[in-house]
Structures are given as structure tokens and as C-alpha cells.
Amino acid sequence: ITLYDHVNAGNGAASWLWNTGETSSSITAGQPGIYYTTVTVDGCSNTDSVDVKNDCYLSVPNAFSPDGDGVNDYFFPRSLLSSGLTGFKMNIFNRWGELVFQTTNLNGRGWDGKFNDVLQPASVYVYVIDITLKNGSVQHYQGNVTLLR
């Protein structure tokens, strides 16, 4: 999400100092947290803050262990059930490029480490995730997940 000072951005006498260390009139907030800036114009300063909640991003684990112990038994993005998502598609591929799992279910458990009801070996798999946020923006995630046995 882009945080921007719409009031002072065009003022050549204005300067900014964000808690991230940036000094421009806008920054990109890529993680949840409190972001604040102090703007100074003609020797007068004022500070304001914005609390970025976690329904604006997706957190994807890099490993899971489907061993039935109730801990990390499914591969599924952690923040998926946040209120900000309206669309979801996840594909999992093995190292030969074969599609081993696919879902569009926002309320599902995710991949259980099986393909056609057969346990898959401990290995590195590729995920491709596309989500749509409530503001209409679309995000694409691609990476690796390690299945541990």
C-alpha cells in the first residue's frame, strides 16, 4: 500500500522523515505495522501515523509437515482468511512440472501432501498463487515449499 502526503507533496518547502528512514512525500508499506512521518514546512513540524493491518498482504510458509500431528499438516497461506481477500487460486507442482494440487477454496485446509490419495515424497514443490483483494487489486505469488516427512 502506498502512503502519501497529499496536502504537502507539491510544496517545495516541505520535508519528510518517515520511521522507515525515507525522506520522500510517499512510501510503500509492504508489511503490517504502524508507519509515521514528520513533515516540516517553514520550520513548523507535525507528525501523523497510519496503522496498516494484515488484510493487505499474504504470508506464505516455506515448509510443512503433513504427518498428522496437527501442526503444519497442510500447506496454505497463513493470512488467507483475512477479510481483505475476495478471490484465490493455488496450484502446486512437483519437480517435473506435474500439477499435484489445485484449489480456489478460500475456506479449505490447503494441500495435505497427497496426489491422487498417494503420499508424495519429501521434496521441494513449486506453488503459484493468485489472489484478488477487496480493493480489486490482483497479486501473484510464486515460490518453493518444502514437504517434510
request  = Quickly work out the Gln139-to-Asn46 label distance, labels modelled 7 Å from Cα along the C-beta direction, and quote it in nm with one decimal.
outcome  = 3.1 nm
note = Once phi for every residue in the range 141-147 is put through the Karplus expression 6.51 cos²θ - 1.76 cosθ + 1.60 (θ = phi - 60°), the whole-Hz ³J(HN,Hα) values, with Gly and Pro written as x, are 10, 8, x, 10, 10, 9, 8
remark   = For the range 1-114, the percent of accessible surface on carbon and sulfur atoms (probe 1.4 angstrom, ligands and nucleic acids excluded) is 47 percent
From phi via Karplus (6.51, -1.76, 1.60), per-residue ³J(HN,Hα) for the range 91-108 in Hz, x at Gly/Pro = 10, 10, 10, 7, 5, 9, x, 7, 5, 9, 7, 8, 8, 10, 7, 5, 9, x
task = Name the long-range amide H neighbours of Phe101: under 5 Å, sequence gap of 5 or more, or other chain; modelled H, no Pro or chain starts.
result = Ile92
message = Please list, by residue number, every one of the chymotrypsin sites (Phe, Trp or Tyr not before Pro) in the range 15-123 that is coil in DSSP and has at most 10 other beta-carbon atoms within 10 Å.
response = Trp96
ask   = Given a 1.4 Å probe, how much area per residue of the chain is accessible, in Å²?
value = 59 Å²
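The values are calculated or read from the model by the stated rules, or taken from the named source; none is laboratory data. Predicted model, so just to flag it, every value in this text is computed and none were measured. Quick reminder, even Gly has a Cβ in these numbers, built from the backbone with ideal geometry, and neighbours come from all protein chains shown. For the accessible areas, the whole protein counts, side chains as well, though only heavy atoms, and no ligand, DNA or RNA atoms are used. Shrake-Rupley method; radii C 1.70, N 1.55, O 1.52, S 1.80 Å.
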